[in-house]
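Written out below as structure tokens is the structure these notes cover.
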């Protein structure tokens, strides 16, 4: 089959102080008629082709069966009121249930009723300490923009409260309201970078215009802030983050002194004086995650001078003299949950999870046994409550919720695996990367799979994000059809601690691509794949990974799936959330960073597209995290390099009424997954 691509005009735009062509700059405007025409023309080629693939409908049907498995998230319990989400299997959005004591559960909030196509999702949900109110935010079509509502848990009706201009916000209850973060008002279609947030207090029943200002950084508009209140209501703690860096700052406000002036409706509302705040830690030094206040000291999870993580006590009267509570160990600490009067430590053990229990003084109490090689998706509980709920899943076991209380571990909710785990093989393999380091990867297949076979090599490699075992109905359908799924733990994550992350960021970013390529070569050496049957897939930063790997080693892969990718490394920082990533990638305005960015930027390194394997690029029209211009410009450049036509597909798929992935309806997930895996199975031939 010969593919002919729509003509996209090339401008003569150049910048960055040197001769760097940017012929598709016009595709950066999502509202331009020319962009809409480009997208429509691409979909007219891509969608019929994907729907025509031989296994596409069979995969969609099987994925629908596999997705039709009930799943529940860990509940939240406050003052005898319990709230949790449950999905019957094929519901586009999970439904919120409420239970009072031993009464029968009732539906509290059904997001599926908020839109006809399931594209409105609940992003944040927070139950008040008295159990009377649920504050929740909604996002439409996958946007990062959110609106907050408050629902009474006894009636199931929303109050009049409406809070706008929210992104990445937290809800920290205090008194008869809560602290939250909001951003300056912008046009809904704007792609301008977001900056200059402020922290406010909202009293239930008040208009947002009456919300007093609690904190604003008058000196620097760049950092973001997340608010939380200590379990004893004594301190308001702000986590100050610069972009996506884990090296955050900590500030706190003594609510015993300032709380009444914030919550008192009868008093004139004035901003909290800046000098009332105490800065405990500056950002840019190390991770500092606040855990709990204990008798004038903060317990904090940090990786300062301890790349694998530790827990320390910081005296508020003498913060320079922190004392180690839980020392650094061989297995990195991913997070710490202060629950049931203990510190439950989530450790990484060769890219899977285990849970340790510690007293507040650091002494170990033992472990909470998990069912097997899997991942903890969440821990729900409070420091002052005895109940702890743990979300657990694995590659073959659907999400379950474990209930731990006073040394007893039970099951709150679970579902039977739709595929017999005994029919699958999960093994750990290792590749030797370009610098000699060993890179681990999970290999998942059916017992009777023929090798070499069609392989999906999946990676991410950035932003401290770890790839641990997670349940995916789409992957299960792929391995049932004879495929092999490989999940690689590349540099850029923290599977081996913060040093593993640092070895894959900024000037070291090429190491991530080298790790990925080494994994592919090892799979071929081991007889699991051939060059014609080795496919790669990744999304977001993982889309950057697959695009870079393809332009660097097109000979190694039989097919490439590049989802919601970052491809223009010289201009990413100029759009919406892109400015948050400069701490991970660097910025082209810096001469040194420009050198490494242009060295691997996929858009600027497109070569002879005739040598490229079949390529499927995906994006979504409402993606305001990684804006669609990255996918559009990359597709246009690759298709131009192919002379406007090719024997192998070089395709762009643009989803409507969807974003970066946030809250994507189940129906759209199935459709997209069927397209992707039909594409891989059709083009990956051993």
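Simple spin-label estimate for residue 21 and residue 350 gives 5.0 nm between the two label positions (7 Å along the Cα-to-Cβ direction from each Cα). Can you pull the Kirkwood radius for region 245-390, inverse mean 1/r over Cα pairs, to one decimal in Å? It is 16.9 Å.
Multiply the residue separation of residue 51 and residue 29 by 0.36 nm, subtract the distance between their alpha-carbon atoms, and state the gained length in nm to one decimal. All intermediate terms of the calculation are to be shown ahead of the outcome.
Details: separation 22, 0.36 × 22 = 7.92 nm, distance 2.89 nm.
Contour length minus Cα-Cα distance gives 5.0 nm.
Can you classify region 1-91 as rounded, prolate or oblate using the Cα gyration tensor, where a ≥ b ≥ c are the square roots of its eigenvalues, rounded means a/c under 1.5, and otherwise it's prolate if a/b beats b/c and oblate if not? Here region 1-91 falls in the oblate category. With a Förster radius of 30 Å applied to the C-beta separation of residue 254 and residue 176, the computed FRET efficiency comes to 0.95.
Mean sequence separation of contacting Cα pairs (under 8 Å, at least six apart), scaled by the length of the chain, corresponds to a relative contact order of 13 percent.
From the Kirkwood radius over Cα pairs of the chain, Stokes-Einstein at 25 °C and 0.890 mPa s returns a whole-number translational diffusion coefficient of 93 µm²/s.
Quickly estimate the mean residue ellipticity at 222 nm for the chain, helices only: each DSSP H run with n ≥ 4 gives -39500 (n - 2.57), and the total goes over all residues, rounded to 500. Mind dumping the intermediate values first?
Values: 11 runs with 128 residues, N = 686.
Theoretical 222 nm ellipticity from helices: -5500 deg cm²/dmol.
Shape class for region 527-654, computed from the alpha carbon gyration tensor (a ≥ b ≥ c): prolate, with a/c not under 1.5 and a/b above b/c. Principal-axis analysis of the Cα atoms of the chain puts helix 591-600 at an angle of about 50° to the longest axis. Taking the 0 to 90 degree range and rounding to the nearest ten, how far is the long axis of helix 629-641 tilted relative to the main principal axis of the chain, both from C-alpha atoms? The helix 629-641 is inclined about 10 degrees to the chain. Using C-alpha pairs below 8 Å separated by at least 6 residues, the relative contact order for region 194-238 is 36 percent. Take 612-621, 116-125, 453-462 and order them by the average number of nearby Cβ atoms within 10 Å per residue, most first; the result is 453-462, 612-621, 116-125.
Just to verify a number: FRET efficiency for residue 407 and residue 219, C-beta to C-beta distance, R0 = 35 Å, to 0.05? Before the final figure, lay out the partial values.
Working: r = 49 Å, r/R0 = 1.41.
Plugging the Cβ-Cβ distance into 1/(1 + (r/R0)^6) gives 0.10.
By how many degrees, between 0 and 90 and to the nearest 10, does the Cα long axis of helix 33-52 differ from the longest principal axis of the chain? The answer is roughly 70 degrees.
Throughout, read-outs are computed from the coordinates displayed, never taken from laboratory work. What you see is a predicted model, and the numbers here were worked out from it, not measured in a lab. Every residue, glycine as well, gets a Cβ built from its backbone with ideal geometry; the counts of neighbours run over all protein chains shown.
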